[in-house]
Every structure is written in C-alpha cells, then in structure tokens.
Amino acid sequence: MTVSSPNEFADRYVALWTETDPQTRRKAVEELWAPDGIYANAIAVVRGHEAIAAQVGYAHDAYATGGFTFRSCNNARCQHDTLRFNWVMVSATTGALEAVGFDFLTLDDAGRIVSDHQYFDTPPSYVVPPPGDAD
C-alpha cells in the first residue's frame, strides 16, 4: 500500500495531536488507524481505537497544558506499505522549538495504520508522566 499524498497523511496525523475536541480526536483515530492498530512510543504501547484515542488525548492535554503544540515537517516519504515523517513540538505562543521527533508507520491495504512507532530525535525538556502515574 502506498499513500497518494504522504505529506497530507502526515498533516492529518499531526493535526490529531493538536485537536482539542475528544470526539473529533476519536473520529480521526478511527480514520487513521486500523481497528487493531498499535501505537508505541518510549513510555507506552497501546492497541485499538479506544486505547489509542485515550493515549492521544492524554498526550494532547499534557503538552497543551505545558504550552506546546505540534507541527509536521512536510518531509513524509512512503515506501511500499510504510510511511515515515518528522514533526516538531513547539511553544504555542512563541514557536520556539522544544523537540523533534519522527514516526514510522506500517499501513494496511486501505491505507490505515497497523503499527506506529514514534521516536524523539531531540527529546523535549518538558516531560510528562505516563497515564496513570500523574497525581
């Protein structure tokens, strides 16, 4: 599976992490991920729409509270059934760079995410606890 517009896909993905409405986020998760899709980062591995939507919501709330937002770097590339792209975490008020990361996705035949592995190239100085560890 290849995506017709890799940067458009990456833009939709990054927009999900900045979406403020939980129902809109959930709908975007259902559109982007396969029903049994996986999202994995340094602190969490979750499977399925419900768990992914919860993880995205947690990350959104934690980083938005810290004054940050996310932007795509418009450098997405597809190869066969995979897609990779970079994104940045920046101050929502000043645009100052806080972190640089990338995602490596495997897609199904419908172009939905089967597995999503997220990495930091430059980790943020602003760190939030994993879900369930916050007081």
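Here's the yes/no breakdown for (1) charged (D, E, K, R); (2) within 14 Å of the chain's Cα centre (by Cα); (3) farther than 15 Å from PHE9 by Cα; (4) surrounded by 14 or more Cβ atoms within 10 Å (Cβ to Cβ):
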| position | (1), (2), (3), (4) |
| --- | --- |
| THR69 | no, yes, yes, yes |
| CYS73 | no, yes, no, yes |
| ARG77 | yes, no, no, no |
| LEU83 | no, yes, no, yes |
| TRP87 | no, yes, no, yes |
| SER91 | no, no, yes, yes |
| LEU97 | no, no, yes, no |
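If the condition is being part of a strand (DSSP E or B) and either over 13 Å from ALA110 (Cβ atoms) or among the aliphatic types (A, V, I, L, M) (or both), then region 19-35 contributes only ALA34. Just for region 112-135: of the residues that are modelled with pLDDT of 95 or more and either in a loop (DSSP other than H, G, I, E, B) or hydroxyl-bearing (Ser, Thr, Tyr) (or both), which one is nearest to PHE9 (Cα to Cα)? Out of the qualifying residues, it is ARG112. Within region 26-51, restricting attention to residues that are buried (at least 19 other Cβ atoms within 10 Å of the Cβ) and in contact (Cβ under 8 Å) with a residue 60 or more places away in the chain, the residue that is farthest from the chain's Cα centre (by Cα) is ALA34. Report yes if some residue within region 107-126 is in contact with a Pro (Cβ under 8 Å, 6 or more places away or on another chain) and exposed (fewer than 14 other Cβ atoms within 10 Å of the Cβ); otherwise report no. Looking through region 107-126, none of the residues is in contact with a Pro (Cβ under 8 Å, 6 or more places away or on another chain) and exposed (fewer than 14 other Cβ atoms within 10 Å of the Cβ). Which residues, counting only those in region 8-18, are surrounded by fewer than 17 Cβ atoms within 10 Å (Cβ to Cβ) and out of contact with any strand residue (DSSP E or B) (no Cβ under 6 Å at 6 or more places or on another chain)? The answer is GLU8, ARG12, ALA15.
VAL56: under 19 Å from PHE120 (Cα atoms) and buried (at least 19 other Cβ atoms within 10 Å of the Cβ), yes or no? So VAL56 fits the description; yes.
Of all residues in region 81-96, those that are touching a residue at least 24 places away in the same chain (Cβ under 8 Å) and in contact with a strand residue (DSSP E or B) (Cβ under 9 Å, 6 or more places away or on another chain) total 9.
The values are calculated or read from the model by the stated rules, or taken from the named source; none is laboratory data. Predicted model only: the values in this text are computed from it and were never measured. Virtual Cβ from ideal backbone geometry, glycine too; neighbours counted across all protein chains shown.
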